[in-house]
Each structure stands twice: as C-alpha cells, then as structure tokens.
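For reference, the structure discussed in these notes is given below.
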Amino acid sequence: MNFDLTEEQQMIKNTIREFASEEVAPGALERDKNKKFPIEVFQKLSRMGMMGLPFPEEYGGGGADTISFAIVTEELSRACGSTGITYSAHISLGGAPIHLFGTEEQKRRYLTPICSGESFGAFGLTEPNAGSDAGGTRTSAKEMDEMFVINGNKCFITNASFAKHLAITAITGEEVGKKEISAIIVPTNTPGFKIFDHYEKMGLNASNTTELVLENVKVPTDHLLGKKGEGFKQFLITLDGGRIGIGAMAVGIAQSALEKSLQYAKERIQFGNSISSFQAIQFKLADMAMKVELARNMVYKAAWLKDQGRPFKKEAAMCKLYASEICMEVTNQAVQIHGGYGYMKEYHVERLMRDAKLLEIGEGTSEIQRTVISREIGC
Ligand SMILES: Cc1cc2nc3c(=O)[nH]c(=O)nc-3n(C[C@H](O)[C@H](O)[C@H](O)COP(=O)(O)OP(=O)(O)OC[C@H]3O[C@@H](n4cnc5c(N)ncnc54)[C@H](O)[C@@H]3O)c2cc1C
C-alpha cells in the first residue's frame, strides 16, 4: 500500500494551493458579503486547464484522475467554499453525466465547452416536491414530432445561470404504473426556459443557486442523455461521484478551520499565556486534526476505488457523510476557539461554519447517506 501522492497529483496540489492562496482566498470574505460569483477566478482556472481536469483530452479535458479532482476541490474549498462548490458541481454534476452517458456527438457538443470553461456544468434533479425522494419528479417531457416538450420546475440548482446547457430529469412515460424518468440535455437559451437566482442562503453566498422554470421548452429527441427510462439510474451513479466532491469540499473547509484556529490559539493571550498552552484548547485542536486527516483518507480511498474502476458507492457515501459531519464539528470548534472574535465575520471561521452546513444536506442528506451505507452493508 502506498499513501504518497503520485508526482502528477503532487504537482497539481502545489499548483492549485498556490493559486488558491494568492487568487481565491483574498476575496473570499468580500464575495461572501456581496454575494458575488467568482467569475474572474474561474476565467483563470479555465486558462490553467482545470475546468475539464478529469475528462479525456480529446474533449479538451486534462485526462487526470479522481484523486486529482478531489485535491483541486479541497484546495479551492480551503480558500473559499463557494468557489469549491462551483467547481465540484461543474465537474461532477455537470460534466460527469455527459462524459458517462453521452453519445460521441453529445460529448463533442456539450462536454467540450465544459472542459474549456466556456460553459459551467450543472445538473437539474431536485424539485420542490422531490428532494431526497428524487423519484418523485413531476417535470414531464412529452414526445411530439421528434421533439421533447418539457414542463416543470427545479429548485436549488447550482451553476445554472452560468451554464449554456444542463441535464435535467423528467418523466418521459409510464411503464406498468411506474414513472419512466429520463435525463435530457437542455440548452439554457431555449425559449420557455427561465432561470432565477433569487435565494437568500445561509452560506456559500458567492455560489450560484437557482430555480428553473420550464414552460413548453422544446428540444429535439436526440438531446436524450443515455437511454430512455434510465434517468433515475444515471443520476444515482452521478451522485456517487458527486459525493467524493462534497467530501473533498468538507476536508478543505475543515482544514482551513483547523489552520486558522491553530494560528489564533498561539497568538491569543489570556491569563498571561497563549490559549494554545491550555490543555482544553490543545485537545480540541488534536481532535480537529485527527478528524480532518481521517476524512481526507476516506475521500482519497473512495476516489482511488473509482479510478481503479472498482465499486465505490459505499465508500463515496461514507466519505461524504463522515467528512461533512466532521466539517460541521470542526468549524463549530473553530468558532469556539476564537471566542467572541469567532462570531465576527472578519475572522472567517463563522463563514466556514455557515458554508459547512450545506455539506450535510446537498447531494443526499446525512440521513440518506446512512440509508445508502446500511443498504450496502446488507441491512
Ligand atoms: C445550496 C444548494 C445547492 C444545491 N445544488 C443542487 C444541484 O445542483 N442540483 C440538484 O439537483 N439539487 C441541488 N440541491 C438540492 C439538494 O440536493 C437537496 O436539497 C437535498 O437532496 C435534500 O432534499 P430536500 O431539500 O427536498 O429535503 P427533504 O428530502 O425534504 O428532506 C428533509 C429532511 O427529511 C429527511 N428525510 C427525507 N427522506 C428521508 C428518509 N427516507 N429517511 C430519513 N430521513 C429522510 C432528510 O434527511 C432531511 O433531514 C442543492 C441544495 C442546496 C441547498
């Protein structure tokens, strides 16, 4: 067994860490306050070839592995959670389903602009009445004259305002009383397709979270992604990969909370000593460091299994569940270590705590991850 990163993974880590420290971290506080999407950051990431990192070179991707994707997501999230989720969703929800299930023509047409950064990647699954129970989709796509006519609503969709096209799930028919759900690629400029960016969120304020309204949106039937009726299966596979991204985000945010707390604890003097000399604070920091390390190992393991072409559903659920829950704990302790200053925006840790909460909810809540794991272990 070898726990070292490969030369390529280490090079990507060094490059992205330097970039994130110099170009992403400095504006994070301001973007959180102003709710400003980090478009300039992504223009630079596009020039660095990061937007298609794990996709094949023939579509303009970087041909790198899932561990490298996890490293980039972690490092961006360490600097700014909003940048991290934008990147993670772009790759694992936007690009991945097209890469996995698209025809050659669809990959050339839709994956290539995702890899170049010309379009952001997005995925429209959740609806007002279909969240954890994603099979409860009500959006419909009726076939007429070789076109799908789509009607419905999607909520909480990441990146859609900056996407030129995105895959959505819709009911395309019924088979023995069961809904037939399919995935369809919809260009966002199709008449009848409206995107609203109007949510007031708890955190991840600089990321783009949207509501989609589709009214008689017509796309040719060749926009079907994969086979008809396989939309449900496809999004479950897509979410398995996405959970590695959320796990990596959690590790990055928790790592940042740990580093900020350690530095603050050494500098803050109370009772004539730095608070880092108090065992109560030392033990908090030790627990935080241990949990971050364990979460990172689990993220890497899930990513490694995926790269080997081996089953990784259970490990992806475990890494997402464990990393998001420790991220919440670690960021909470970071605020505690900072005392009253931790409650103030300029010390960053309150933002980390707000950003962390989404990770226990998005791409399958903690309760759903436990359901997946219990099923996988044979309950
Ligand atoms: C910022 C943000 C970004 C997002 N980005 C995207 C995106 O890009 N694309 C997309 O499609 N979606 C996206 N989502 C949606 C997200 O995936 C859903 O919010 C999530 O899956 C939960 O669904 P819900 O909100 O409807 O909650 P519900 O499903 O209504 O859950 C409410 C509570 O009930 C619990 N619960 C539900 N069912 C069960 C069960 N069977 N057993 C035990 N407990 C259960 C849940 O765990 C939760 O605690 C995003 C959400 C947010 C907030």
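Based on what the data block shows, is residue 200 touching a strand residue (DSSP E or B) at 6+ places or on another chain (Cβ under 7 Å) and more than 24 Å from residue 67 (Cβ to Cβ)?
Details: touching a strand residue (DSSP E or B) at 6+ places or on another chain (Cβ under 7 Å): no; more than 24 Å from residue 67 (Cβ to Cβ): yes.
No; evaluated as a whole, the condition is false for this residue.
Just to confirm my filter: which helices (runs of 4 or more DSSP H) fall fully inside the range 309-379 and include at least 3 residues that are surrounded by fewer than 17 Cβ atoms within 10 Å (Cβ to Cβ) and either assigned by TED's automatic domain parsing to the domain that holds residue 157 or of a type in the set (D, E, K, R) (or both)? If you could, list the steps in order and put the result at the bottom.
Values: elements: 313-342, 349-359, 366-376.
Result: 366-376.
Can we say residue 121 is open to solvent by less than 30 Å² (accessible area, probe 1.4 Å), of a type outside the set (D, E, K, R) and part of a loop (DSSP other than H, G, I, E, B)?
On the way: open to solvent by less than 30 Å² (accessible area, probe 1.4 Å): yes; of a type outside the set (D, E, K, R): yes; part of a loop (DSSP other than H, G, I, E, B): yes.
Answer is yes for this residue.
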TODO: Look at the range 226-282 and say how many of its residues are outside any helix (DSSP H, G or I) and over 26 Å from residue 351 (Cα atoms).
DONE: 8
Task: Cβ pairs under 8 Å, 6+ apart, first in the range 344-364 and at positive phi and in contact (Cβ under 8 Å) with a residue 60 or more places away in the chain, second among the charged types (D, E, K, R) and assigned to a helix (DSSP H, G or I) - done: 348/260; 363/243; 363/320; 364/243; 364/320
Task: Complete set of residues in the range 108-138 that are within 11 Å of the ligand (Cβ to nearest atom), of a type outside the set (Gly, Ala, Ser) and within 17 Å of residue 173 (Cβ to Cβ) - done: 137
Open item on the list: For the range 1-51, give me every one of the helices (runs of 4 or more DSSP H) that falls completely inside it and has 2 or more residues that are among the polar types (S, T, N, Q).
Closed with: 7-19, 39-47
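Kindly establish whether residue 247 is open to solvent by 10 Å² or more (accessible area, probe 1.4 Å), touching a helix residue (DSSP H, G or I) at 6+ places or on another chain (Cβ under 8 Å) and away from the ligand (no atom under 14 Å from the Cβ).
Values: open to solvent by 10 Å² or more (accessible area, probe 1.4 Å): no; touching a helix residue (DSSP H, G or I) at 6+ places or on another chain (Cβ under 8 Å): yes; away from the ligand (no atom under 14 Å from the Cβ): yes.
For residue 247, the condition - open to solvent by 10 Å² or more (accessible area, probe 1.4 Å), touching a helix residue (DSSP H, G or I) at 6+ places or on another chain (Cβ under 8 Å) and away from the ligand (no atom under 14 Å from the Cβ) - is not met.
The values are calculated or read from the model by the stated rules, or taken from the named source; none is laboratory data. Keep in mind that this is a model prediction, so the values were computed, not measured. Methodologically, a virtual Cβ is constructed for each residue, glycine included, from the backbone with ideal geometry; neighbour enumeration extends over all protein chains shown. Each accessible area value is taken on the protein alone, full model and side chains, heavy atoms only, with ligands, DNA and RNA left out. Shrake-Rupley method; radii C 1.70, N 1.55, O 1.52, S 1.80 Å.
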